[in-house]
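Shown next, in structure tokens, is the structure this report addresses.
The values are calculated or read from the model by the stated rules, or taken from the named source; none is laboratory data. Predicted, not measured: the structure shown is a model, and the values here were computed from it. Because the Cβ atoms are built from the backbone with ideal geometry, glycine has one as well, and the counts that use them run over all protein chains shown.
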Amino acid sequence: MHTKTIAELSRMLAAGETSSEELTRHYLERIRAHADLNAFITVTEEEALAEARRADALRRKGEAGPLAGIPIAQKDIFCTDGVKTTCASKMLENFISPYDATVVERMKRAGMVMLGKTNMDEFAMGSSNETSYFGPVKNPWDKTRVPGGSSGGSSAAMAARLAAATTGTDTGGSIRQPAALTNTTGLKPTYGRVSRYGMIAFASSLDQAGTITATAEDAAMLLNVIAGFDERDSTSVDKPVPDYTATLNDDIAGLVIGVPKEFFDDGLDPRVAECVREALKVYERLGAKIVDVSLPNLGLSVPTYYVVAPAECSSNLSRFDGVRFGYRCENPTSLEDLYKRSRGEGFGAEVKRRIMTGTYVLSAGYYDAYYLKAQKTRELIKEDFCRAFEKVDVLMGPTTPTAAFGIGEKTDDPITMYLNDIYVNGVNLAGMPGMSIPMGFIDGLPVGLQIIGNYFEEAKMLNFAHRYQRETDWHTKLPKGFE
Amino acid sequence: MEWEVVIGLEIHAQLATKSKIFSGASTAYGALPNTQACLVDLGYPGVLPVLNREAVRMAAKFGLAIGAEVARRSVFARKNYFYPDLPKGYQISQYELPVVAGGSIEIELEDGATKVIGITRAHLEEDAGKSLHEDFHGMTGIDLNRAGTPLLEIVSEPDMRSAKEAVAYMKKIHTLVRYLEICDGNMQEGSFRCDANVSVRPKGQKEFGTRTELKNLNSFRFVERAINYEIERQIELIEAGGKVVQETRLYDPEKNETRSLRAKEEANDYRYFPDPDLLPLEIDDSFLEEVKKTLPELPDAKKHRFMESYGLSAYDASVLTGSRAMGDYYESVVRTLGDEHAKLAANWVMGELSGALNKDGKEITETPISAAQLAGLLARIIDNTISGKIAKDVFEAMWAGEGDADAIIEKKGLKQITDTGAIEKIVDEVIAENPGQVEQYRAGKEALLGYFVGQVMKKTQGKANPGQVNQLLKQKLG
Amino acid sequence: MALKPEDVAAIAHLARLEIRDEDVSSYADNLSRILDFVQQLERADTEGVAPMAHPLAMSQRLRADEVTEQDQRERFQQNAPQVEAGLYLVPKVIE
């Protein structure tokens, strides 16, 4: 049953071939059986079964929508009413959110069943899921390797089919990169397309919620539910939401794929480059035109990102002060002691590094040289993307320079880790939508094809992804032991 | 050495919105601690700010009223610092691009001259919560009900040269924000607060001296006292060879002194940057036009109109335009009586009515005697039904809620005696009863006239028309 | 950009983070490398480029001035480390 997509499960539920309760039990069983992956921080078994039974009841009354009863796992960055929401941090180890994030609320309203909360890098700061307070997540394709990050719990859970679908958030590649490293389909919508309300903020001008699923079609079904205006988020865009499933099969003949030459730099594993070229051939067969394009400032995206994101995070994380919620140190002797120890003990090393980096680049005397400068290079990067989209329908390239690396391999040097996101950071800086879809294997490890769309052109991006998945079967491959 | 004082004020006016600047929690004063602090006000993880339209409207209204530029585009920034009454660890405020820039107002000096005070800027920001230092086992309690209340911070140019000017400026802004109905001006509740930047320099010197910032000035009296104390402290310090340190100082009204708050200020680096959760605030022509339509007649314009239309002195006009409600009340009385009785109305509103209000600690808006009722009373003076003196008794009865003037006059039989025959009869009686005084008067002691008037009034319980009594007495005694 | 231990201490103080003595040098080293890395931005020609604060060219939406939130103090304070009489408690603040 777990090898089915949510599109298939939806049809089975509608046809009465299975029930949500049966599905939910099945996934809960798998989560238990594969607990060693450490993909979940919290499993909400009781609530899930209750929600499943409610969905089944709705279906019997004929009131169920297409996603009713589909079991999903939420990244533990989304606030869930009455359920622990930790952001994989000691700081929020015992935090029970008193409200639902908009994404969660919309999925609940669609009748989806929440299985639990997935592991992640602490406060979404990381590319390997190794910064989690609750320990690293293992990649189901090779348990000695990372599943990517920060949505590593979701990508691992999806790769292992511990849920029918999962959510993620993408600030600098945190959906696309883990999807690439786990043979799953990751979708990061346009900034502002999905509400950020209730998603614990890392870097507000970059954060965007999305999904990690088995297929592009599943991603489209979920985006139909989570996309749209939310009056509680000032940066949410009031723009009609199309039916993203309606255009999945559209003909792409004559459409133009731009391939940025900067993606094929020295750091790229030639075998990954080869996979990209193979994938482009599939598109050529479908009639798409491939053109070379240039994003001359792409090289600035990682350093720009590592000024902008830490600056925003240093401020966003000030609210964790041990006063109203979250971790408080033992016996604080003064206000300053309360702040410093609660935060010093409650945050992990990477989070502290980023807060300090951000504090530094915003501080008196350094603001112009770092923060203001990065705002300008960000503009240059965005303009590159916009210029490219004057001539192309989508951009394509690798999602990551290599396949999944080993757990512990890159933890010593933050820069090496940061450079793993060299192809994905730019999309967040520009605010455009991006996807990663399975495109093959290197030594048995999956790699992903990145598809980048113009602002609010998720439908076109999904159309490209779906047409590829109709022609290929990479996305159907499951790791050994998880079939 | 002669010293010149330089003062600039930063006034924080809480905007009179129903809900907070970035959340839907109530701004009502006096609720139980933390019962009006919603997730946004508490800075809960994941929640986001959405700007209150009314707060923007009020800021724009203020901008228009002081002849300032209302920015077509302004930006909210984060001011980062840690303090327990600041839930998010940053205050959302406007930094580089404020919503209002470059206005001015005119104040009146004691000698009657006027002076223009420049207003550098006014920007929107959120208020912080409150720290309660009563003892909770040696701990401080935090109430976040106030957190997120919209504030308009009004920053003046360093244009004031004495504590008195500073107070005059503050009072003027206080009057203005209440006229505009954008702030209730309640200083006890902290709706209208002020910090003062104070420095001194040798007279004639161009450069400013080092300034200190005085905090916690929550009454006009404290502003004056704190500034005067600080001026003296700075002058004494410099004259003794010391140097003024740029710092924040807290005014202690009990000791009437300012003291350094250096501990809190140490290593301030607010790391301002544009708040990524909020987009640039854009104000277009139609929004401004809409706001313009809601602008009332402003205090200065009203004052000048009162002087011209009603022939009032500058002082009277100032007092009667001290608040919009006062001006409305007065004009309503005048409208009923006619412009020719404007002075009588002014005397009564400023005299009896204001006195009674003060005594009971009431605002004009809480007066038990409506403008129509007061006009009804004054009409009886004008038509000679009662004397001014009797009117004061009637006023008291009205204040006590005994009804309209006519009903009270009727019930108490206070109608003035204007019948010449009746008055003449009593005058004759008085003359007959006081032969000694009559003799003295006729011998030239004319001051005795008042005695005879008093006797007549006594016999008529004050109801005789005093003009007629005077005239008859003079006639008969002369 | 080589940060000294006292620089790390100053930044950590601004950010109210306790850094243990034995960790200071590794933070100094890591932060220095990060700052060196991002310093390459210096070389980019940004003459005349407007700083970008936000991905979308939109303006702030305004909400109606309505009270939409009711008192949920008890619920919200369940996450609080220390409360009394409805107040959040912190070590004595000296003014």
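Any residue in the stretch A:392-415 that is closer than 19 Å to residue A:152 by Cα sitting within a Cβ distance under 7 Å of a residue that is part of a loop (DSSP other than H, G, I, E, B) and aliphatic (A, V, I, L, M)? List the pairs, counting only those 6 or more apart or interchain.
Going by the 7 Å Cβ cut-off, the qualifying pairs are A:398/A:268; A:399/A:424; A:401/A:268; A:401/A:422; A:404/A:146; A:405/A:146; A:407/A:146.
Checking the condition in contact with a Gly (Cβ under 9 Å, 6 or more places away or on another chain), away from every other protein chain (no Cβ under 14 Å) and surrounded by 24 or more Cβ atoms within 10 Å (Cβ to Cβ), which residue from A:88, A:101, A:73 passes? I'd like the intermediate steps shown before the answer.
Working: A:88 fails: away from every other protein chain (no Cβ under 14 Å); A:101 fails: away from every other protein chain (no Cβ under 14 Å).
Just one listed residue meets the conditions, A:73.
Taking the stretch C:16-25 only, how many residues are at the interface with chain A (Cβ under 8 Å from one of its Cβ atoms) and among the β-branched types (Val, Ile, Thr)?
1
Restrict the check to the stretch A:127-139 and report whether at least one residue is without any contact (Cβ under 8 Å) to a residue 60 or more places away in the chain and at positive phi.
yes
Quick check: anything in the stretch B:147-166 surrounded by 22 or more Cβ atoms within 10 Å (Cβ to Cβ), under 30 Å from residue C:69 (Cβ atoms), small (Gly, Ala, Ser) and assigned by TED's automatic domain parsing to the domain that holds residue B:67?
yes
Do the conditions hold for residue C:28, that is, is it within 7 Å of chain A (Cβ to nearest Cβ) and without any contact (Cβ under 8 Å) to a residue 40 or more places away in the chain? Walk me through how you get there before you give the answer.
Details: within 7 Å of chain A (Cβ to nearest Cβ): no; without any contact (Cβ under 8 Å) to a residue 40 or more places away in the chain: yes.
Spelling it out, it is not the case that residue C:28 is within 7 Å of chain A (Cβ to nearest Cβ) and without any contact (Cβ under 8 Å) to a residue 40 or more places away in the chain.
Out of (1) outside any loop (DSSP other than H, G, I, E, B); (2) touching a helix residue (DSSP H, G or I) at 6+ places or on another chain (Cβ under 7 Å); (3) more than 7 Å from chain A (Cβ to nearest Cβ), the odd one out for residue C:3 is which?
(1)
Under the condition of being outside any loop (DSSP other than H, G, I, E, B), within 11 Å of chain B (Cβ to nearest Cβ) and of a type in the set (D, E, K, R), which residue from the stretch A:318-346 is farthest from the chain's Cα centre (by Cα)?
Among residues in the stretch A:318-346 that are outside any loop (DSSP other than H, G, I, E, B), within 11 Å of chain B (Cβ to nearest Cβ) and of a type in the set (D, E, K, R), the one farthest from the chain's Cα centre (by Cα) is A:336.
Quick one: is residue B:162 away from chain A (no Cβ under 14 Å), under 30 Å from residue B:234 (Cα atoms) and in contact with a Leu (Cβ under 7 Å, 6 or more places away or on another chain)?
Working: away from chain A (no Cβ under 14 Å): yes; under 30 Å from residue B:234 (Cα atoms): yes; in contact with a Leu (Cβ under 7 Å, 6 or more places away or on another chain): no.
Here the answer is no, as residue B:162 does not meet what is asked.
Taking the condition touching a helix residue (DSSP H, G or I) at 6+ places or on another chain (Cβ under 7 Å) and either part of a strand (DSSP E or B) or in contact (Cβ under 8 Å) with a residue 40 or more places away in the chain (or both), does residue B:128 pass?
Details: touching a helix residue (DSSP H, G or I) at 6+ places or on another chain (Cβ under 7 Å): no; either part of a strand (DSSP E or B) or in contact (Cβ under 8 Å) with a residue 40 or more places away in the chain (or both): yes.
Against the criterion (touching a helix residue (DSSP H, G or I) at 6+ places or on another chain (Cβ under 7 Å) and either part of a strand (DSSP E or B) or in contact (Cβ under 8 Å) with a residue 40 or more places away in the chain (or both)), residue B:128 does not qualify.
Would you confirm whether any residue within the stretch A:292-309 is assigned to a helix (DSSP H, G or I), under 30 Å from residue C:76 (Cα atoms) and within 13 Å of chain B (Cβ to nearest Cβ)? Steps first, please.
Applying the first criterion (assigned to a helix (DSSP H, G or I)) to the stretch A:292-309 yields A:298-309.
Now restrict to residues that are under 30 Å from residue C:76 (Cα atoms): A:309.
Remaining after also requiring within 13 Å of chain B (Cβ to nearest Cβ): A:309.
Among the residues of the stretch A:292-309, at least one is assigned to a helix (DSSP H, G or I), under 30 Å from residue C:76 (Cα atoms) and within 13 Å of chain B (Cβ to nearest Cβ), which makes the answer yes.
Within the stretch A:22-40, can one find any residue that is touching an Asp or Glu at 6+ places or on another chain (Cβ under 6 Å), assigned to a helix (DSSP H, G or I), assigned by TED's automatic domain parsing to the domain that holds residue A:132 and crowded, with 16+ Cβ neighbours inside 10 Å? Steps first, answer last, please.
Here is the first cut: in the stretch A:22-40, the residues touching an Asp or Glu at 6+ places or on another chain (Cβ under 6 Å) are A:28.
From what's left, assigned to a helix (DSSP H, G or I): A:28.
From what's left, assigned by TED's automatic domain parsing to the domain that holds residue A:132: A:28.
If we keep only those that are crowded, with 16+ Cβ neighbours inside 10 Å too, we end up with A:28.
Yes, the stretch A:22-40 contains a residue that is touching an Asp or Glu at 6+ places or on another chain (Cβ under 6 Å), assigned to a helix (DSSP H, G or I), assigned by TED's automatic domain parsing to the domain that holds residue A:132 and crowded, with 16+ Cβ neighbours inside 10 Å.
Just wondering, is there one or more residues in the stretch C:48-67 that are small (Gly, Ala, Ser) and facing chain A (nearest Cβ under 7 Å)?
Going residue by residue through the stretch C:48-67, those that are small (Gly, Ala, Ser) are C:48, C:50, C:53, C:57, C:59, C:64.
Keeping just the survivors that are facing chain A (nearest Cβ under 7 Å) gives C:50, C:53.
Checked the stretch C:48-67: at least one residue is small (Gly, Ala, Ser) and facing chain A (nearest Cβ under 7 Å).
Could you please let me know if residue C:38 is more than 7 Å from every other protein chain (Cβ to nearest Cβ), closer than 30 Å to residue A:342 by Cα, of a type outside the set (Ser, Thr, Tyr) and out of contact with any Gly (no Cβ under 8 Å at 6 or more places or on another chain)?
In short, no.
On the given criteria, is residue A:93 surrounded by fewer than 24 Cβ atoms within 10 Å (Cβ to Cβ), under 28 Å from residue A:443 (Cα atoms) and touching a Ser or Thr at 6+ places or on another chain (Cβ under 8 Å)?
Values: surrounded by fewer than 24 Cβ atoms within 10 Å (Cβ to Cβ): yes; under 28 Å from residue A:443 (Cα atoms): no; touching a Ser or Thr at 6+ places or on another chain (Cβ under 8 Å): yes.
Against the criterion (surrounded by fewer than 24 Cβ atoms within 10 Å (Cβ to Cβ), under 28 Å from residue A:443 (Cα atoms) and touching a Ser or Thr at 6+ places or on another chain (Cβ under 8 Å)), residue A:93 does not qualify.
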